[in-house]
DNA sequence: TAACAACCTACCAAATTAGTAGGGAATATT
DNA sequence: AATATTCCCTACTAATTTGGTAGGTTGTTA
């Protein structure tokens, strides 16, 4: 399950995607428009910025905007930044790999199944983008 | 990510699958053999029993065994029993559905993407079974 | 009736999640 | 230069979930 924080992130990013190219949006604007707690949203947007998905400007006329086109930001990227690993086991994660103590990975049956699962999941999450979210919304 | 508890469950179930048809195994045996904390394992096996995946017998000669063939227990079933929902959003879950407050589901773009993702993931997890785990382990 | 082995209720510590508080730093306008 | 604006940063907190443990109870078999 995605955390509430991740769902907030997607809501904010969708809004930013809808307004891509129209200049920066204010945190406070996004917060009231999308009903996301202001201070919490501040953290989220800041993390997305540090991950190079957003750019920001301070002072009057400032705010946040997408750094690149919504068509180039995959759902997998967003999930990894805010939610963490996509794989179901650490020993199968591409971006958050951790060795497991109790199985020798080469011949672990569960690991093999989870690798297949990861690939199937990633095939979608890597291909689908913020643009797809916006376009899929009626 | 699957919880540690779920990983323990898979380890125990794999062991039970390997010994399918050879009579019940003791909790204490599984615990030492698979290095799973005894009392925690007790809970886990009991939950799996309540979900009708296992059967148990008390007293001497007792223990736990799979109720049905390992080939008929899917990974999805196990995950749902111990870990919970497989979908990434509650509003997209088949077995743990919950309405989301903030989107009208029909035209929520994120929801549509997460439905596709769920289907891709389930296609694997519903098909793969405990037997596949055992067979895939060298 | 003794031993055995699963079952049940309740508790607990650590980690994670979902925020909040309050001020600081950069920018733009006057 | 002063002020308003807006993002940025550190730290704290409450609630929930996770990963267990303790200790007795019930059912089974020999």
Wholly within the stretch A:30-138, helices (runs of 4 or more DSSP H) carrying at least 3 residues that are within 13 Å of another protein chain (Cβ to nearest Cβ) and surrounded by 13 or more Cβ atoms within 10 Å (Cβ to Cβ): A:75-82, A:109-125, A:130-136
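Give the stretch A:15-24 a look and list any residue that's within 15 Å of residue A:49 (Cα to Cα) and not in a loop (DSSP other than H, G, I, E, B), or say none. Walk me through it before giving the result.
Our first condition is that a residue be within 15 Å of residue A:49 (Cα to Cα); within the stretch A:15-24, this holds for A:16-17, A:24.
Of everything in the stretch A:15-24, those that are within 15 Å of residue A:49 (Cα to Cα) and not in a loop (DSSP other than H, G, I, E, B) turn out to be A:16, A:17.
Looking for whichever is near DNA strand D (Cβ under 9 Å from one of its atoms) and in contact with a strand residue (DSSP E or B) (Cβ under 8 Å, 6 or more places away or on another chain) here; the options are A:30, A:73. Which one fits? Before the answer, list the steps.
Numbers: A:73 fails: near DNA strand D (Cβ under 9 Å from one of its atoms).
Only one candidate passes the filter, namely A:30.
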Only listed residue being under 13 Å from the mean Cα position of the chain (by Cα), without any contact (Cβ under 8 Å) to a residue 12 or more places away in the chain and within 15 Å of DNA strand D (Cβ to nearest atom), chosen from A:50, A:60: A:50
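If we scan the stretch A:2-22, do we find a residue that is away from every other protein chain (no Cβ under 14 Å), surrounded by 14 or more Cβ atoms within 10 Å (Cβ to Cβ) and within 11 Å of DNA strand C (Cβ to nearest atom)? Outline the logic, then answer.
Pass one, the stretch A:2-22, residues away from every other protein chain (no Cβ under 14 Å): A:19-22.
After this cut, where a residue has to be surrounded by 14 or more Cβ atoms within 10 Å (Cβ to Cβ) as well, the list is A:19-20.
Applying the additional criterion that residues be within 11 Å of DNA strand C (Cβ to nearest atom) yields none.
For the stretch A:2-22, residues away from every other protein chain (no Cβ under 14 Å), surrounded by 14 or more Cβ atoms within 10 Å (Cβ to Cβ) and within 11 Å of DNA strand C (Cβ to nearest atom): absent.
All of the numbers you see were taken from the coordinates with simple rules; none came from a lab. Bear in mind that the values here come from a model prediction, so they are computed numbers and not experimental data. Ideal geometry is used to build each Cβ from the backbone, glycine not excepted, and the neighbour counts take in all protein chains shown.
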